[in-house]
Amino acid sequence: MNGEPDDTRPAGVPVDDAPTGTSARFPDELIRPFVIGTLSVLSLIQFVERPPVRFVWLTWGLVVVTLAAGVASSIVPWRRLPDRMQIALVSVFMAAGALLFPLSGTTAANALVFLASITAGEKLASRRAAFTIVGAGTAVTATATWVAIALLHVPDVGTWWISLIVGLPLYIGLARRERADAVAASDLAARQSRRAAASEAREAALEERGRIAREIHDVLGHALSGVAMQLDMADALHAEGRDQDANEAVRRARALAVSGIGETRRAIHALREDTLPLPETIARIAHGGTAGFEIQGEPGGVRVEVAQAVIRTAQEAITNAHRHAPGAEVHLLLDYTDRLIRLTVTDTGTAEPGARPNDSGSGMGLVGMRERASLLGGTLYAGPAESPAPGWTVRLELPR
């Protein structure tokens with residue numbers, strides 16, 4: 001608000017607030033000063049070479065007033081002028097140009113009244129005022145021309161009927177104003193669109209940061225908390241002289257650290273896999289874990305955080321199945337319904353004779369998954385498979 005740039009956008013998000021129509025309007029802003037300047041120079045040269053025969057001072061006075069009003073209407077910051085001053089300036093331009101028309105002979109000054117008509121249509125915000133000024137100017141031009149021809153016998157007066165059409169350029173001015181308004185509206189819409197896109201990108205970046213923060217909390221938070229607790233216990237046991245129990249606590253802390261490293265790697269893998277469709281990501285996870293995979297229902301779009309929860313649950317469930325039931329067959333079922341997405345991971349129990357389960361896990365993975373499911377308004381079940389089927393089942397249900 002103090003003129004300082006807004007640098008709150010995330011890196012890589014372009015923000016271009018320059019009006020898209022600036023380059024297109026810039027030549028238009030030069031047209032009026034160029035035309036009035038050209039007419040001024042030509043008129044002065046022609047009046048110097050062929051001075052007026054009658055009403056010399058009146059003619060030169062009207063020339064000066066008309067050119068001054070025309071130049072002012074071209075170079076003065078128009079929007080800073082009050083409405084009454086705008087109307088007054090255009091009125092002077094129109095009236096002086098109308099009176100000068102029959103006195104200017106065949107000089108370029110004839111065109112000034114037409115330029116005044118264009119100015120009224122383009123510059124004045126009120127169409128009613130523009131039509132009133134141009135209508136009055138047309139009447140004054142026609143009357144002055146008739147008087148100059150019929151009563152005063154002024155030489156070199158232009159054709160009388162031309163004075164009746166000095167108001168037609170008003171529509172040119174109106175068309176130019178409507179075009180300028182349309183370009184301004186387009187510029188505003190483009191700037192608002194860029195701001196909206198930047199805001200959406202910023203929100204997406206913040207959401208992604210929050211999702212990564214939850215991943216770090218779920219994975220490293222639980223693991224490091226467990227490691228700290230075991231080390232505190234080892235320190236206390238060592239102080240009591242129970243070195244064997246203290247060493248066992250240290251080994252459990254190491255197992256928790258190793259498990260946390262594995263969970264972190266899987267979390268990073270899951271974050272990278274978010275760019276793929278969810279069914280394809282789950283299929284890759286199942287293939288990497290030598291598990292079967294099946295889809296039911298019609299796959300459709302789901303929220304990013306929901307997809308991430310499904311991915312993490314699939315990884316955790318497969319890891320737990322291989323850890324606690326080595327050699328068991330694992331199967332993943334991804335089921336889409338109108339309102340829910342359901343992931344079911346089942347295993348058949350230990351199938352290899354003599355295989356021993358690995359109990360080195362932290363036990364924190366499913367806890368984190370339950371917390372994530374609860375935050376998303378879903379549920380997570382982990383327990384024995386329904387009788388009479390053997391094995392273990394993990395079932396995640398989340399709203400789409």
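The values are calculated or read from the model by the stated rules, or taken from the named source; none is laboratory data. Predicted model only: the values in this text are computed from it and were never measured. All Cβ positions, glycine included, derive from the backbone under ideal geometry; neighbour counts span all protein chains shown. The accessibility values were calculated without ligands, DNA or RNA, using every heavy atom of the protein model including side chains. Shrake-Rupley method; radii C 1.70, N 1.55, O 1.52, S 1.80 Å.
Kindly indicate whether any position in segment 333-341 is aliphatic (A, V, I, L, M) and at pLDDT below 90. It would help to see each step written out before you state the result.
Kept after step one, since they are aliphatic (A, V, I, L, M), are these residues of segment 333-341: 333-334, 340-341.
The next check asks that each one be at pLDDT below 90; those that pass are none.
Looking for residues that are aliphatic (A, V, I, L, M) and at pLDDT below 90, one finds none in segment 333-341, hence no.
From the list 255, 309, 325, 286, pick out the single residue that is within 42 Å of the chain's Cα centre (by Cα), within 17 Å of residue 366 (Cβ to Cβ) and not β-branched (Val, Ile, Thr).
Working: 255 fails: within 42 Å of the chain's Cα centre (by Cα); 325 fails: within 42 Å of the chain's Cα centre (by Cα); 286 fails: within 17 Å of residue 366 (Cβ to Cβ).
Step by step, each of 255, 309, 325, 286 is checked, and only 309 is within 42 Å of the chain's Cα centre (by Cα), within 17 Å of residue 366 (Cβ to Cβ) and not β-branched (Val, Ile, Thr).
So which residues in segment 112-139 are surrounded by fewer than 20 Cβ atoms within 10 Å (Cβ to Cβ) and part of a helix (DSSP H, G or I)?
Going through segment 112-139, the residues surrounded by fewer than 20 Cβ atoms within 10 Å (Cβ to Cβ) turn out to be 125-129, 131-132, 135-136, 139.
Within segment 112-139, 127, 128, 129, 131, 132, 135, 136, 139 meet the criteria.
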| task | Kindly list the number of the only condition in (1) open to solvent by 70 Å² or more (accessible area, probe 1.4 Å); (2) farther than 19 Å from residue 178 by Cα that fails for residue 104. | result | (1)
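Would you check which residues across segment 140-156 are within 10 Å of residue 102 (Cα to Cα) and not in a helix (DSSP H, G or I) and list them?
Those that are within 10 Å of residue 102 (Cα to Cα) and not in a helix (DSSP H, G or I): 154, 155, 156.
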| message | Go through (1) touching a residue at least 40 places away in the same chain (Cβ under 8 Å); (2) assigned to a helix (DSSP H, G or I) for residue 102 and report which single condition fails. | response | (2)
| query | In segment 283-301, which residue that is in a loop (DSSP other than H, G, I, E, B), at pLDDT 85 or above and not charged (D, E, K, R) is surrounded by the most Cβ atoms within 10 Å (Cβ to Cβ)? | reply | 291
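Say whether the condition of being open to solvent by less than 20 Å² (accessible area, probe 1.4 Å), under 30 Å from residue 177 (Cα atoms) and within 50 Å of the chain's Cα centre (by Cα) is met by at least one residue in segment 75-85. Spell out the reasoning first.
So in segment 75-85, the residues open to solvent by less than 20 Å² (accessible area, probe 1.4 Å) come out as none.
No, every residue in segment 75-85 fails to be open to solvent by less than 20 Å² (accessible area, probe 1.4 Å), under 30 Å from residue 177 (Cα atoms) and within 50 Å of the chain's Cα centre (by Cα).
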| query | Which condition number in (1) modelled with pLDDT of 70 or more; (2) within 31 Å of the chain's Cα centre (by Cα); (3) not basic (Lys, Arg) is the one that residue 270 fails? | reply | (1)
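Could you tell me which of the residues 248, 280, 263, 305 is closer than 30 Å to residue 234 by Cα and at pLDDT 80 or above? Working first, answer last.
Values: 280 fails: closer than 30 Å to residue 234 by Cα; 263 fails: at pLDDT 80 or above; 305 fails: closer than 30 Å to residue 234 by Cα.
Result: 248 is the single residue among 248, 280, 263, 305 that is closer than 30 Å to residue 234 by Cα and at pLDDT 80 or above.
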